Amino acid sequence: MSRSTTGPKKERNDLRRRRPVRRRRGGRTGGVRWRRWMLLVCLLLLAVGAWLVWPFWQLAGQFGAVPSKQPSRLYGRGDELRVGQSLKPEVLVGRLQSMGYRAAAAGQGLTLGSFRRQDDQIEIFRRPFPSPDGMTGKDRLRITFEGDNVRRLETLGVASPDLTSVRLEPPLIASFYGADLRDRRPVSIDDLPEDLILAVLAAEDASFLTHKGISLTSILRAAWVNLRSNQVRQGGSTLTQQLVKNLYLTHERRLTRKIREALLAILIEARYEKRNILEAYLNEIYWGRSGAVSLMGVGAASWAYFGKHPAQLNLSESALLAGMIQAPATLSPLSHPQAAKERRDFVLGRLAQMRWVEAARLETASRQPVETFDVSRVVRQAPYFADAVLAEARRRYAIEGLDDAGYVLLSTLSLDDQGKAEEALAWGLEALETGWEKGRDNVAPLQGALISVDPRDGGILAYVGGRSYSQSQFDRVGSARRQVGSAFKPIVFATAFEQGVATPATFLEDAPYSVRLAGKTWQPQNSDGKYRGWVTARSALELSLNVPTARLAAQAGLSNIVEMAHRLGVEQPLEPYPALALGAMEVTPREMATVYATFANQGRRPQLHGLTAIFDRHGKPLKGAASKPPTQVLRQDIAHLVNSTLQGVFDRGTARSARRQGISDALAGKTGTTNSRRDSWFAGYSPERTTLVWVGYDDSSKTRLSGARAALPIWSRFTLGTRPTGGYSAFPTPEGVVVAWIDPTTGGLATDRCPEVVAESFLSTQPPTELCPAHSGFRAQPLEQPQGIEPEKKGHPFRRWLDMLRGEKKKKRVY
């Protein structure tokens, strides 16, 4: 019974206990909503955190590093100083000043980028600059002169100071900007003068060294100063806030942007040292414009406004730049010098108020006028060369673009030579248009090209692809394929000398000549329409005679001539047609410059190039295809015969007028003129320089010109302008070449009875052996052969006595 009454009671109690567990309607849904709200809040917090932190993480990855965007820069070849070099001290001073070096004031020590001349010595504190071996400079050099010669070169402050040679800073040739045209020249804070740093702090953030990213006192002080002056004289943002805004935020005036700016400034201050922040600020802040180019950072500003490295800025200049930060456009010393001066004086007053600079120095700085060095941002000083270098960088270093890539490109170009080349070409073309080409109704102007190279290594020294890059960007040095005319003839003679079918003294027939080919007759003629009978190979090349050259080409073999042309530097495909001997084929001036540089380099073909090294924006050298050393493609003795023969072009040949223009050195060269005078060429060279000039119209119109009329005067003007102090070097005589006295009318060995004798060069395997047939009669004696100097001519005593009675003198020439 008891069991029956207690059982149900227990079950009811169990039900009561379980009743609270019963789910009410909507309970499960409420819990889900709560969790969703929590998730949403977390996501919102994460988004807000990302909104705040993400720019900082961007900043953390790039802050303190070289700006990711800065223009690539192309530099020329720095001047080399050598012990024993002929150099006037005033010439060196002029070069230093042209590069922005300043003469140190009396009693002051040398600073970076300054020099001092005292008695027979010049001391230079070189700025850091790129070289093929990396960054160099930032040292002190002393050059001691003896008259107009360098007697000693020293690096001061090192254990072994004496040097045999040293290079100066290379000149900037071109800058490759991006679409936004921003110029940057990053500098280390260690290279900046203290005056500049103090002036910037005084003008923009006097409490920079003590605040943690934001400064409430600065905000209140700026508001009070601006209120009192009724104009904006100070800003409330710290340097760190300004840096954050310029790097990662917009310039919109919104509260949210100011909040992010302040938070990011605090985060940066917590992570980085003050000097890193200040260096980044000075390299990134906007400092106005120079022409169409925006100046970013103190490096670009210092060069644009004062033409000097920031390390050379004085107190007045430092205060002026610091004052510009507030409003670079309206405070520019170039366009608003008075406003810039007033702002500079305000910054000097702030420095006095802060007692950061001595009062005497501040007084001196305030009395100095605002002097600027307006260096407009010339994008490219040698534009055709810059384009050629870009193509070379793509080919050798696999670089697709240079704009804003931060590359440093070192080149072989001599900026001094480049200027003389551009001047010579402009002068020559203008003279031709007002002279020989006057009255022509051509719509397009007369064009020209000039390339000058060092044949010893192939380095390009000057490169002018046209008379005006702004009017035509077509590069006539490297891209214009023009008929070369008689400038091709030395290749024919080199082939003949190599094949052994001729020497410079070999006689060639200058008489009517024709060739039947494919049912057609080709009959060359000389430019004057005359024939001269038998002439020596030397005379045929000196006078640029077509008919003897065509005969010689047939003897040497046209296929051999094609092969020789390719060996010497012609890259275009050639066909072995008879007209090839007279240059009836198209090549570029650059190819022909390679050919003549090979002759100048004793048969060693150089690879023409404009680049010596490329560094990325971090200063790391790029690996690329190295420029190949010269390759021996023609025997030295054969090259010497060609050079010897082409030297006569100036004395007796088509380039005689160059002597009247002032060319006195024993150079070698050749004119070239094509059919209807459409193309005019001249190539001339010495062992250290090969220069080629082309003149013509882009549409191949007929002209009244020739190689001697058009190209030679331009070449002569440039060659005289670049002539070394001691003159151009003589061609060395290699082994395998002998010199013999011959009678030029017969080609035989000269005797004491020959009325005229010349010293001619021969291969040692082909010396003349027969005496002159016209003057080798009874008692005729062969002349003693020359041994480097012309010997005293000796004949039979009776013959000498008769000559003396008759007043006759032997004519002697040395080729």
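The values are calculated or read from the model by the stated rules, or taken from the named source; none is laboratory data. Quick caveat: nothing in here was measured; it's all calculated off a predicted structure. Cβ: placed from backbone, ideal geometry, glycine included. Neighbour counts: every protein chain shown. Keep in mind that these areas ignore ligands, DNA and RNA; they rest on the heavy atoms of the full protein, side chains included. Shrake-Rupley method; radii C 1.70, N 1.55, O 1.52, S 1.80 Å.
Some observations on this one:
- Condition check for GLN602: part of a loop (DSSP other than H, G, I, E, B), buried (at least 22 other Cβ atoms within 10 Å of the Cβ) and touching a residue at least 40 places away in the same chain (Cβ under 8 Å): yes
- Screening SER218 on (1) at pLDDT below 85; (2) touching a His at 6+ places or on another chain (Cβ under 9 Å); (3) under 30 Å from LEU334 (Cα atoms) shows it passes everything except condition (3).
- Taking the criterion of being closer than 21 Å to THR674 by Cα and either within 29 Å of the chain's Cα centre (by Cα) or part of a strand (DSSP E or B) (or both), the residues of the range 468-487 that qualify are ASP475, ARG476, VAL477, GLY478, SER479, ALA480, ARG481, ARG482, GLN483, VAL484, ALA487.
- Residue match in the range 690-698 (condition: farther than 26 Å from PHE474 by Cβ and either part of a loop (DSSP other than H, G, I, E, B) or touching a residue at least 12 places away in the same chain (Cβ under 8 Å) (or both)): no
- For the range 718-726, the criterion of being out of contact with any Ser or Thr (no Cβ under 6 Å at 6 or more places or on another chain), part of a loop (DSSP other than H, G, I, E, B) and over 30 Å from ALA426 (Cα atoms) is met by no residue.
- Hey, ARG467 charged (D, E, K, R) and touching a Lys or Arg at 6+ places or on another chain (Cβ under 9 Å) or not: no
- Residue identified as touching a strand residue (DSSP E or B) at 6+ places or on another chain (Cβ under 6 Å), open to solvent by less than 40 Å² (accessible area, probe 1.4 Å) and modelled with pLDDT under 80 among PRO67, PRO89: PRO67
- Of all the numbered requirements in (1) surrounded by fewer than 21 Cβ atoms within 10 Å (Cβ to Cβ); (2) within 30 Å of ILE124 (Cβ to Cβ), ALA327 misses one, and that requirement is (2).
- Just one of the numbered conditions (1) open to solvent by less than 40 Å² (accessible area, probe 1.4 Å); (2) touching a Leu at 6+ places or on another chain (Cβ under 7 Å); (3) among the charged types (D, E, K, R) is not true of ASP404: (2).
- The numbered conditions (1) modelled with pLDDT of 75 or more; (2) surrounded by 14 or more Cβ atoms within 10 Å (Cβ to Cβ) are all true for ARG260 except (1).
- Breaking point among (1) more than 30 Å from ALA613 (Cα to Cα); (2) of a type outside the set (Ser, Thr, Tyr); (3) crowded, with 24+ Cβ neighbours inside 10 Å, for GLN471: (3)
- Qualifying position, being touching a strand residue (DSSP E or B) at 6+ places or on another chain (Cβ under 6 Å), within 30 Å of ASP79 (Cα to Cα) and of a type in the set (Ser, Thr, Tyr), among THR691, THR751, THR722: THR691
- Qualifying position, being on the phi > 0 side of the Ramachandran plot and without any contact (Cβ under 8 Å) to a residue 40 or more places away in the chain, among GLY419, GLY439, GLY435, GLY406: GLY439
- Residues being touching a Gly at 6+ places or on another chain (Cβ under 7 Å), buried (at least 21 other Cβ atoms within 10 Å of the Cβ) and farther than 18 Å from MET585 by Cα - total across the range 481-523: 2
- Of everything in the range 729-782 that is among the polar types (S, T, N, Q) and not in a loop (DSSP other than H, G, I, E, B), the residue that is modelled with the highest pLDDT is SER761.
- Scanning the range 191-200 for residues that are open to solvent by 10 Å² or more (accessible area, probe 1.4 Å) and at pLDDT 90 or above returns LEU192, PRO193, GLU194, ASP195, ILE197, LEU198.
- Residue count, the range 705-728 (criterion: at pLDDT 95 or above and open to solvent by 50 Å² or more (accessible area, probe 1.4 Å)): 4
- Going through (1) among the hydrophobic types (A, V, I, L, M, F, W, C); (2) part of a helix (DSSP H, G or I); (3) open to solvent by less than 30 Å² (accessible area, probe 1.4 Å) one by one, ALA554 falls short only on (3).
- The set of residues in the range 95-133 being among the acidic types (Asp, Glu) and either modelled with pLDDT of 90 or more or touching a helix residue (DSSP H, G or I) at 6+ places or on another chain (Cβ under 7 Å) (or both) consists of ASP119, ASP120, GLU123.
- Count of residues meeting criterion [open to solvent by less than 50 Å² (accessible area, probe 1.4 Å) and closer than 24 Å to MET99 by Cα] in the range 416-436: 5
- Pairs where the first residue, in the range 520-532, is closer than 12 Å to SER544 by Cα and outside any strand (DSSP E or B) and the second is modelled with pLDDT of 95 or more and of a type in the set (D, E, K, R), C-beta under 9 Å, 6+ apart: ASN526/ASP510; ASN526/ARG532
- Looking only at the range 489-509, and only at residues there that are more than 8 Å from ALA556 (Cβ to Cβ), assigned to a helix (DSSP H, G or I) and aliphatic (A, V, I, L, M), the one that is farthest from the chain's Cα centre (by Cα): ALA494
- Taking (1) over 13 Å from VAL83 (Cα atoms); (2) modelled with pLDDT of 90 or more in turn, LYS138 satisfies each apart from (2).
- In the range 616-637, the residues that are on the phi > 0 side of the Ramachandran plot and assigned to a loop (DSSP other than H, G, I, E, B) reach residues that are open to solvent by 50 Å² or more (accessible area, probe 1.4 Å) and modelled with pLDDT under 90 with C-beta atoms within less than 7 angstrom, at least six apart or across chains, in these pairs: GLY619/MET135.
- Criterion (in a helix (DSSP H, G or I) and buried (at least 17 other Cβ atoms within 10 Å of the Cβ)) met by exactly one of GLY669, GLY684, GLY653, GLY648: GLY648
- Filtered residues of the range 564-596 (kept if out of contact with any Leu (no Cβ under 7 Å at 6 or more places or on another chain), surrounded by fewer than 19 Cβ atoms within 10 Å (Cβ to Cβ) and free of Cβ contacts under 8 Å to residues at least 24 places away in the same chain): HIS566, GLU571, PRO573, GLU575
- Single residue of the range 258-294 satisfying the filter (part of a helix (DSSP H, G or I), under 25 Å from ARG182 (Cα atoms) and charged (D, E, K, R)) that is farthest from the chain's Cα centre (by Cα): GLU261
- Residue satisfying condition, being in a strand (DSSP E or B), under 24 Å from VAL408 (Cβ atoms), open to solvent by less than 40 Å² (accessible area, probe 1.4 Å) and of a type in the set (A, V, I, L, M), within set LEU96, LEU141, LEU112: LEU141
- Applying the set (1) more than 13 Å from LEU410 (Cα to Cα); (2) within 25 Å of the chain's Cα centre (by Cα); (3) at pLDDT 95 or above to ALA625 leaves exactly one unmet item: (3).
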